[in-house]
1. Measure off 7 Å from each Cα along the Cα-to-Cβ vector at Asn426 and Lys390, then give the distance between these two points in nanometres to one decimal.
2. Quick one: of the DSSP bridges fully inside segment 373-480, what percent are antiparallel, nearest 5?
3. Per-residue counts of other Cβ atoms within 10 Å, averaged by peptide: what ranking do you get for 200-211, 381-392, 461-472, 273-284, highest first?
4. State the percentage of accessible surface on segment 377-526 attributable to carbon and sulfur atoms; use a 1.4 Å probe and exclude ligands, DNA and RNA.
5. Once the Cβ-Cβ distance between Lys477 and His359 is put in as r, and R0 is 60 Å, what FRET efficiency do you end up with, to the nearest 0.05?
6. Grab the Cα-Cα distance for Ser78 and Thr168, subtract it from 0.36 nm times how many residues apart they are, and report the gain in nm with one decimal.
7. If I model a spin label as a point 7 Å beyond the Cα along the Cα-Cβ vector, how far apart are those points for Phe458 and Tyr443 in nm?
8. Greater than 23 Å separation of Cα atoms is the criterion. Which listed pairs, Lys140/Lys173; Lys177/Lys334; Lys264/Lys390; Lys140/Lys334; Lys70/Lys127, meet it?
Amino acid sequence: MKAKTNIYLFSFVGIIFLKLMVEPLVAQTSPSKGPKDEVIAHLNKTIFVSGETLHFFVSALLDQKNSPSKIAYAELISRDGEALAQEIIPLNNGSNRGYLEIPENLVSDHYLIRIYTRMTPIDDTEKGPFHQFITVVNPKKPPLREVRQTDPSKNTGIINPSTQNLITLGRNKVNAKDSVQFTLSKTGGTFLGLSVSLQNPFLIGPLSKPFYRSIYQSGQIEHRPLPEIYGHIIKGKKLDENFSEEETYFLSAHGKQSMLFTAKANERGEVYFDLGPFQDYNFLIAQSSNWQSAFNFIIEYPFLETSFDSDFQFPELVLDENNREFLQNLVLSKESNRYLEPDEIKSCHEIVTGFSADHSYLLDDYNRFEDIATTLREYVPQVFVRRQDKKLIYRVFNTPYNVLYKDLPLMLIDAMPVFDSDALGNFDPTKMKKLDVVARDFYINQDVFSGVISFTSFENDFGGFPLPNNALYISYKGPQKARIPVLPRPAKLNDRFYPDFRSVLYWQPEVVPPSDQKIGFKASATEGQFVIRASYVSHEGQLVTDEKTFEVGPSAPMGMRD
């Protein structure tokens, strides 16, 4: 049997780094100090029907090199500054694919895509989060007329990427479902993305490009970088003015798997839990070692809370009768994409979440008793059970020293700490699948526990054990699972009668070899202007882009197709 790795080794070693690196950086008070991630991205297209999925490729740079950040944050922002969709994006070597689900109920309007890391400065005058406008059309919700006062010319100081001739297109007009070819020139940096999509007629010129600049009210957010170099860091805060820095806070993350993390508060009452490579969770349970007192504690969500500067305004979206055919094609494209090929969703890699137990019991191999206390008494000799002042007390036998511990062990159900001995002892043991016992000192960060009693339920759902008193339950969406858009198979694209009305004809967010190459794709049956977009990061860390447009006309008669 493969031995399990101690899951707390990361926390024990990582705390040294966090003390040396994270805390001093968090304590910075000047926005000019500390590391600064530059975030760049390439979107698969810029015009959507509500309910579609926006795909992008994001790259984070630190001092013109791949950032060590393991997490990025992507948001869809309305003109009122409201976040309508938010995702945590795991990064590998500073980059990764990501996506945002466009809500079905959005009003037709322009929206802002914002992508950043926790080391991206917000008030920097030249660099900051990645921003790009997109357009969302909802056939059931036209634009609101009261937003007509916007004037995009007031967006002074916006920095757009530089341009370079990267794309050589042979023909600027093709027939529907024809083959299209172009040449992509060798780049002098790291290729970021290549896309071919329906051109957005409502965002043209500079408004169609990514931009960097502080567009928020000054002084809102202090640049206190929080390096997430192992994985996502969850920040909590103690609300009491008086608290003990010796108090231990427990955070158990639960989903397909479960895992336990601990931390202590700093002098500001802030608590940081580094979840490292653990990603497959959707809710959290926070508790304190002072479990009998009121738990005045909150978990802060990692996304920015900002208000736009007065000189930054969204462009206006006006839809009229002249746009009818274009919008009908756009809606048809959405329905066609659903019919063609579904996106491929990849599950998170499971990691070892257990620990090196000294003794393990598969409870179905033994007689089932009426409660857990009786089960421990009857056939777990490493755990001593007795009553003291009418309360159940557990003591683990310290095997290395051949003595009985004087203090309570760490008690867990599916990685969730349980402090109430009576509640655990009186619970139905038939709901539990396995029992692990650590019969020695057990270390988690600065804390040492007198052994461990850890139960595992059959479905990783605590077996129905009630949420402990004074525990804080938080619904928390972890890093998103990879979702890869799948293009139709060549045989389908060559079928003249296949209902192909795609608005994205090509999407390649991976690194392309640094040499000139010919690229081909099939046009869909959707007519209109399409745009080829290419972008890369120069050796100086600058975003460089190029765009070429071509027109797709009616399908050619049989016998005249390429």
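The values are calculated or read from the model by the stated rules, or taken from the named source; none is laboratory data. As the structure is a prediction and not an experimental result, all values here were calculated from the model. Note that each Cβ is placed from the backbone with ideal geometry, even for glycine, and that neighbours are counted across all protein chains shown. Remember, those area values only see protein heavy atoms, side chains included, never the ligands or the DNA or RNA. Shrake-Rupley method; radii C 1.70, N 1.55, O 1.52, S 1.80 Å.
1. A separation of 1.1 nm, rounded to one decimal place.
2. Values: 20 of 24 bridges.
In segment 373-480, DSSP labels about 85 percent of beta bridges as antiparallel.
3. Working: 200-211: 17.5, 381-392: 13.0, 461-472: 15.9, 273-284: 19.9.
Output ranking for 200-211, 381-392, 461-472, 273-284: 273-284, 200-211, 461-472, 381-392.
4. Numbers: 3930 of 7400 Å².
With neighbouring chains kept in place, the figure for segment 377-526 is 53 percent.
5. Numbers: r = 37 Å, r/R0 = 0.61.
With a Förster radius of 60 Å, E is 0.95.
6. Numbers: separation 90, 0.36 × 90 = 32.40 nm, distance 3.59 nm.
That works out to 28.8 nm of additional length.
7. For the pair Phe458/Tyr443, the computed spacing is 3.9 nm.
8. Numbers: Lys140/Lys173 33 Å; Lys177/Lys334 17 Å; Lys264/Lys390 32 Å; Lys140/Lys334 15 Å; Lys70/Lys127 20 Å.
Long pairs (Cα-Cα over 23 Å): Lys140/Lys173; Lys264/Lys390.
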